[in-house]
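Before any comments, here is the structure.
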Amino acid sequence: MIANEEQASALVRQAPQETFVLNLGPQHPATHGVLRVKLTMDGEFITRAEPVCGYIHRMQEKMGENRPYAQFLPNTSRIDYLSAMTYTHAFVGAVERAAKIQVPPRAEYIRVLTSELNRISSHLVWWGAFLLDLGGFTPLLYAFDDREKILDLLEGITGARLTYAYFRIGGLYNDVDDAFLTGTRAFVQHMRPRLKMYRELVTENIILRKRLDGIGPISREMCRKYGATGPVIRGSGVPYDVRKCESYSAYSDFDFEIPCYREGDSMARYLVRLEEIAQSLRIIEQAMDKLPAGPVMAEKVPRVLKLPAGDYCYAVEAARGRFMVRLVSDNKEIPYRVKLRTPCLSNLSLFEEASQGMLLPDALALMGSLDLVIPDIDR
Amino acid sequence: MAAPVFPPLPGPDLLSLCSFPLEVADYALKGYHLNAIVSPDQVLNAAADLDRAGLALDTITGVDWLVEGQMEVVYDYFHPNTGLRAVVRTKVPRANPVLPSISQVFPGANWHERETHDFFGIEFAGHPNLAPFLLPEDATYHPLRKDFIA
Amino acid sequence: MEAQNDQILKDCAPFVRFGKLDELLDLGRANSLWPLTFGLACCAIEMMAAGASRFDLARFGAEVFRPSPRQADVMIVAGTINKKMAAAVKTLYDQMPEPKWVIAMGNCAISGGPFVFPGQYAVVEGVDKLFPVDVYIPGCPPRPEALIEGLLKLEEKLTGKRRWPVVKPE
């Protein structure tokens, strides 16, 4: 019997501090795929968050070892299906680098053009889904509407909406037509006012600011220790972008900025991605203005491709960060080893440390701001 | 459209900072700037040196050389400010593949080493939790070995 | 008396219908199939696009994706089923209350998709290895229109009638 308040306080003080384990996923609306996070919770606060991966492991690296180089192209699109063009770019770039195949300039420009369109569509999906996690349903519909315009353009030249296999070893398989170029110009004109609307409607919304300002701070040192790249490191004050640091393809011909914010919180990563959409529009316009004439496929690409023995790598700036393909060859038609260095694995690996002591909804805001696509982690 | 060959490292020269020999590689062909081959027990010192120089861990790759009876582990590092890329390689015997873990120096290596262990069976001594990462929790097989039969 | 009854029925016909309760329930179920959010991989994005503004599953009553299996009617398996994930998928299927249906969306859910190769160790070759499937939608990934067509086929399976006419290619 508790006689008075003193006894009650004494009982509460003696009560053991209990934590319980809450399972987030693998089926969950906010984990963006099949990610399971074992959360050890102290009430509403997370004491330990342990991501468990492997629920969508599709043996991509093993598949690289049992088919010729050109047959691996469909796999590249499905590693990170939202920025599929950039992933195919890394693979064909690695093979071209090793085989010393010279890609014609028109093909390089079109590769940049389509990769940037793909980057915009990936950021739009991220934006819609992130706001869905935070509780706002409407931006998803606007984002997907804009994204459909990009998909129409890309479907016209590649034939696919999501998993394009547009690039080939040596160039592209299909040239762009006038309909694509006029449509892209119209899209750029359409998208700029939409970005302004998104800023007024969502970014400057007090609810979003309260949800994201100061939430989930990630320092530069943490990014370095975990190898985080992409908007995660750019939102922590380091302007690391593979398009500038290890400039590949035709990116050195274009004038664009790397958006970088110092605060390192979820709002900084959010602003980095929205600003990247604006910069991508700039690159697209420049690419269309300066598009050179010529063939889109290199001339002497051998039918049976054998790379000289050794290892070769090629890195691109995908929508989520640095994606690198490392090919190990033993002078056969089939690669000896295909290693895929994916950005989301490194980005998620800091979640355990970064989410300690956070409230669960804030931890989900942090996870959404990391922009994860789980097949990218599991491959 | 030429890629930068050897971006300068801010601060003291990287080659003199490291206690192991680094050679310059052909970036245009290989995709990395510096390459080093070390013995398995030097891996931890190499990681510490590169950490002090300000590099970040990119990834850890395992390669199974069945014919030579060795497994190669390739550590990729990059500098977040300049984009400088350094690669450290080591080889371990296939019958007893053991390497020191670098997860104390780079916490990001924790998952990379777990994945390499999953796929190849390489033991990383000193790793806090070498449980299967991408494979089911009770998996005992190592699928990327060249003699793996499903 | 008979003639009088017939006359009453004919007069009421514009606003009173008679039918079997089963058919009515089937019509209700078909018009409001609530899917379980079960996007696993790439097909999930096309499923989201089908629910978004252009393709609009809301027209067919199916836009409320329920995260909880207890509240869902149809499980749209969109993506590859892994051996590690198979137990979770089966648990979700068992947790759904009857009547329930399954749509296998995409090649991976139908038969393992592009990830089947000799020596494969991680992929379950098709969701019908785990539980029965009602509608198969091929594609990699299938277009959102294909998903809508699959839902209409499921409605046809439920009610025996097809709600919308089949679009003929021009």
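The values are calculated or read from the model by the stated rules, or taken from the named source; none is laboratory data. Remember, it's a predicted structure, so these values are computed and weren't measured experimentally. Neighbour counts run over all protein chains shown; Cβ positions are idealised from the backbone, glycine included. For the accessible areas, the whole protein counts, side chains as well, though only heavy atoms, and no ligand, DNA or RNA atoms are used. Shrake-Rupley method; radii C 1.70, N 1.55, O 1.52, S 1.80 Å.
May I ask you to say which residue of A:Arg224, A:Arg211 is of a type in the set (Lys, Arg) and touching a strand residue (DSSP E or B) at 6+ places or on another chain (Cβ under 7 Å)? Give the steps one after another, and end with the answer.
Details: A:Arg211 fails: touching a strand residue (DSSP E or B) at 6+ places or on another chain (Cβ under 7 Å).
Going through A:Arg224, A:Arg211 in turn, the sole match is A:Arg224.
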- What is the one condition in (1) without any contact (Cβ under 8 Å) to a residue 24 or more places away in the chain; (2) open to solvent by less than 40 Å² (accessible area, probe 1.4 Å) that B:Gln104 does not satisfy? (2)
- Query: Where residues in the stretch A:211-227 are more than 8 Å from chain B (Cβ to nearest Cβ) and open to solvent by less than 10 Å² (accessible area, probe 1.4 Å), which of them is modelled with the lowest pLDDT?
  - Reply: A:Gly216
- Message: If I filter the stretch A:53-83 down to residues being part of a loop (DSSP other than H, G, I, E, B) and surrounded by fewer than 18 Cβ atoms within 10 Å (Cβ to Cβ), which single residue comes out as farthest from the other protein chains (Cβ to nearest Cβ)?
- Response: A:Pro68
- Answer residue from the stretch C:54-104, given it is open to solvent by 60 Å² or more (accessible area, probe 1.4 Å) and of a type in the set (S, T, N, Q) and is farthest from B:Thr140 (Cα to Cα) among those: C:Gln71
- Note on the structure: Picked from the stretch A:248-286 (must be within 11 Å of chain B (Cβ to nearest Cβ) and not in a loop (DSSP other than H, G, I, E, B)), the residue surrounded by the fewest Cβ atoms within 10 Å (Cβ to Cβ) is A:Ser252
- Residues that are touching a Lys or Arg at 6+ places or on another chain (Cβ under 9 Å) and not aromatic (Phe, Trp, Tyr): find the helices (runs of 4 or more DSSP H) completely inside the stretch C:1-109 holding 1 or more of those. C:21-31, C:42-51, C:83-95
- Task: Scan the stretch A:195-204 residue by residue and report those that are in a helix (DSSP H, G or I) and either on the phi > 0 side of the Ramachandran plot or open to solvent by 40 Å² or more (accessible area, probe 1.4 Å) (or both).
- Result: A:Lys196, A:Met197, A:Arg199, A:Glu200, A:Leu201
- Do we find that C:Leu33 is touching a strand residue (DSSP E or B) at 6+ places or on another chain (Cβ under 6 Å), more than 14 Å from chain A (Cβ to nearest Cβ) and over 24 Å from A:Ile79 (Cβ atoms) in this structure? yes
- If you check every pair at least six apart or on different chains, which have Cβ atoms under 9 Å apart with a residue in the stretch A:332-352 that is more than 10 Å from chain B (Cβ to nearest Cβ) and under 16 Å from A:His32 (Cβ atoms) first and a residue that is assigned to a helix (DSSP H, G or I) and of a type in the set (Gly, Ala, Ser) second? A:Phe351/A:Ala363
- Item | From the options A:Gln7, A:Gln102, residue that is out of contact with any Phe, Trp or Tyr (no Cβ under 8 Å at 6 or more places or on another chain), more than 14 Å from chain C (Cβ to nearest Cβ) and part of a loop (DSSP other than H, G, I, E, B) | A:Gln102
- Item | Selected residue (only one of C:Ala41, C:Ala49, C:Ala88, C:Ala72 is without any contact (Cβ under 8 Å) to a residue 24 or more places away in the chain and either small (Gly, Ala, Ser) or in contact with a Leu (Cβ under 8 Å, 6 or more places away or on another chain) (or both)) | C:Ala88
- Sort out for me the strands (runs of 3 or more DSSP E) sitting completely within the stretch A:287-376 that have 1 or more residues that are over 27 Å from the mean Cα position of the chain (by Cα). A:310-318, A:321-329
- Task: Scan the stretch B:83-92 and give yes if some residue there is open to solvent by 40 Å² or more (accessible area, probe 1.4 Å), basic (Lys, Arg) and more than 8 Å from chain A (Cβ to nearest Cβ), otherwise no.
- Result: yes
- Message: surrounded by fewer than 21 Cβ atoms within 10 Å (Cβ to Cβ), under 30 Å from A:Leu327 (Cβ atoms) and either free of Cβ contacts under 8 Å to residues at least 40 places away in the same chain or of a type outside the set (Phe, Trp, Tyr) (or both): is that true of A:Glu50 in this structure?
- Response: no
- Query: If you take the residues of the stretch B:120-147 that are surrounded by fewer than 19 Cβ atoms within 10 Å (Cβ to Cβ) and touching a residue at least 40 places away in the same chain (Cβ under 8 Å), which of them is farthest from A:Gly64 (Cα to Cα)?
  - Reply: B:Asp147
- Item | Filtered residues of the stretch A:235-247 (kept if more than 8 Å from chain B (Cβ to nearest Cβ), in contact with a strand residue (DSSP E or B) (Cβ under 9 Å, 6 or more places away or on another chain) and buried (at least 24 other Cβ atoms within 10 Å of the Cβ)) | A:Asp241
- Filter the stretch C:1-30 for residues that are touching a residue at least 60 places away in the same chain (Cβ under 8 Å) and open to solvent by 70 Å² or more (accessible area, probe 1.4 Å) and give the result. C:Glu23, C:Leu27, C:Arg29
- Query: If you go through the stretch C:128-147 one residue at a time, do you hit one that is of a type in the set (Lys, Arg), touching a strand residue (DSSP E or B) at 6+ places or on another chain (Cβ under 8 Å) and in a loop (DSSP other than H, G, I, E, B)?
  - Reply: no
- So, in the stretch A:138-170, of the ones that are open to solvent by 20 Å² or more (accessible area, probe 1.4 Å) and part of a loop (DSSP other than H, G, I, E, B), which residue ends up nearest to the other protein chains (Cβ to nearest Cβ)? A:Ala160
- Query: Looking at B:Leu144, is it part of a loop (DSSP other than H, G, I, E, B), within 8 Å of chain A (Cβ to nearest Cβ), under 19 Å from B:Tyr75 (Cα atoms) and not charged (D, E, K, R)?
  - Reply: yes
- Item | Residues that are more than 11 Å from chain A (Cβ to nearest Cβ), assigned to a loop (DSSP other than H, G, I, E, B) and hydrophobic (A, V, I, L, M, F, W, C), drawn from the stretch B:104-126 | B:Ile122
- Query: Can you name the residue in the stretch C:136-166 that is more than 26 Å from A:Tyr164 (Cα to Cα) and either hydrophobic (A, V, I, L, M, F, W, C) or within 14 Å of another protein chain (Cβ to nearest Cβ) (or both) and, of all such residues, is most open to solvent (accessible area, probe 1.4 Å)?
  - Reply: C:Trp164
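If you go through the stretch A:84-102, how many residues are open to solvent by 10 Å² or more (accessible area, probe 1.4 Å) and in contact (Cβ under 8 Å) with a residue 12 or more places away in the chain? Before you say what the answer is, go through the steps one by one.
Pass one, the stretch A:84-102, residues open to solvent by 10 Å² or more (accessible area, probe 1.4 Å): A:96-97, A:99-102.
Now narrow it down to the ones that are in contact (Cβ under 8 Å) with a residue 12 or more places away in the chain: A:96-97, A:99, A:101-102.
Looking only at that region, the number is 5.
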